[in-house]
1. Take Val363, Val209 and order them by how many other Cβ atoms sit within 10 Å, fewest up front.
2. Arrange the peptides 283-293, 23-33 so that the one whose residues have, on average, the most other Cβ atoms within 10 Å appears first.
3. Above 39 angstrom, tally the Cα pairs of the chain and express them as a % of all pairs, no decimals.
4. Counting helices only, and only those DSSP H runs with n ≥ 4, report the 222 nm mean residue ellipticity of the chain as the sum of -39,500 (n - 2.57) divided by its residues, in deg cm²/dmol to the nearest 500.
5. Straight-line reach from Lys408: which aspartates and glutamates have Cα under 19 Å away, leaving out those fewer than 8 places along the same chain?
6. For Lys8, give me every one of the lysines with a C-alpha distance below 19 angstrom, ignoring sequence neighbours fewer than eight places off in its own chain.
7. Output needed: percent of Cα pairs per 5 Å distance bin for the stretch 224-366, bins running from 0 to the one holding the longest distance.
8. To the nearest 20 debye, what is the magnitude of the charge dipole of the stretch 178-282 about its Cα centre, counting +1 on the Cβ of each Lys and Arg and -1 on the Cβ of each Asp and Glu?
Amino acid sequence: MSSSPPDKNAASDLVSLADQCVLCGLCLPACPTYRVAQTEAESPRGRITMAKALATGTLLPESGAAAHIDHCLHCLSCERACPSGVQYGRLIGLQRRLTAMAPGRLQRFAYALVARPRWLHRMARLSNGLRLARWLSPLARRCGRDRTGIGRWIALIPPLPTLSGLDNVASAPRGRGRIGLFLGCVASAFDRDTHAAARILLAALGYEVVEPPAQGCCGALAQHAGHVEIAATLAAATGSAFATSGVGTVLVSASGCYASLRDRVFRGSAIAVREISEFLAADPLFTALPFAALPLRAALHNPCSLNNEVRAASAARELLQHIPQLHIADTPTQPRCCGAGGTHFLRYPELADPLRDERLDQVEALGAELLLTSNIGCRLHLAGGLRTRGRTIEVLHPITLLARQLKKRRDSPTPSLPSHQATS
């Protein structure tokens, strides 16, 4: 049964949004799940039709339509392709809110972890220490009925990232203001090298980095599942942590968290949210930073959230061009999504794995020695696929590579430019 009573206003809004769709089908080539399933039910047009039918009572929840809608990766590539400007993301959000079931066992487990990132970090360290993935992976593969169970989740826990090469903190005077750094939930454990890199680069540019210890999840996982009350609680806790920090800007390195931070956590506040690559690329002092040469070929994967939410897909490439001799190879447009989609790759491997494999085939065809991506979900999903293939290609956030290559220098010039909107 639904976790909350039906919302007539939400249903009415959903129908109005659905009526904006002219059913032209131009969204179909952009949809990753349609690319895999090749059925109308797994397309944006099909999901809009089913969502309207569910809202009006033409279809009953027992019809199975909600399951097809839940398969949506929320990549929003269809919004970019739509000539009618249909607000697909808002429509699907309303539908999930209307038909959301009470959180199941796995979801309750996940929400408990993301609300307490330290628990997640300890669990990851325990899993790595006991090598749970090593003996659970074969079991999860053999257990077809438990492909989305806890066993698979534990089996997919990756090694914690190394901080090797990330002790290169430049000693620039910190006179450009205070910057908040959002650590997130899953990212706090599995993107810790990215956060270390952010501290290095921001310190080199003269910023003071602020990381409130009480921050946690942005609420995106719960919001995408339709559990808006849980999402609001998680978002409020993180917002409160930053509210008294004295920062005017919060940077996020996981692009999948950007929209949730902007639209929920800091909505109505004076705090601005910036994606870190976009922020650094816009800083006029970044071009003065010296980077060591790196003669290798790196494949650059631009996550859907960076393309369709942040709208700053070129920022990472612009930054990486400052590393001499680094050859950057962009992955092709298709598939438009790697299949990660928050917890989608854990819950729906039959859709997520083919998209991931197609992307990894492209990476291998490019002859890449390194894979770069700006979202923690994409990083985990793609790295898991590489481990399955027995490949040792490292998967990093672009700013981690930049911090590794940043040359040490004892005397950094005192920044003389404005504070780049860093102060409150």
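1. Numbers: Val363 23, Val209 18.
Arranged by neighbour count, lowest to highest, Val363, Val209 become Val209, Val363.
2. Values: 283-293: 14.8, 23-33: 18.8.
Per-residue Cβ counts within 10 Å, averaged per peptide and sorted highest first, yield 23-33, 283-293.
3. On the way: 16372 of 89676 pairs.
Across the chain, Cα pairs with separations above 39 Å total 18 percent.
4. Working: 20 runs with 189 residues, N = 424.
Value at 222 nm, helices only: -13000 deg cm²/dmol.
5. Straight-line reach from Lys408, under 19 Å: Asp167, Asp193, Glu208.
6. Answer for Lys8, where 19 Å is the Cα cut-off: Lys52, listed by chain and number.
7. Pair shares across the bins are 2, 8, 14, 16, 17, 15, 12, 9, 5, 1.
8. Numbers: 7 positive and 8 negative charges, 29 e Å.
Charge dipole, the stretch 178-282, about its Cα centre: 140 debye, nearest 20.
No value in this document is a laboratory result; all are computed from the given coordinates. Since we're looking at a predicted model, the values are computed, not measured. Ideal geometry is used to build each Cβ from the backbone, glycine not excepted, and the neighbour counts take in all protein chains shown.
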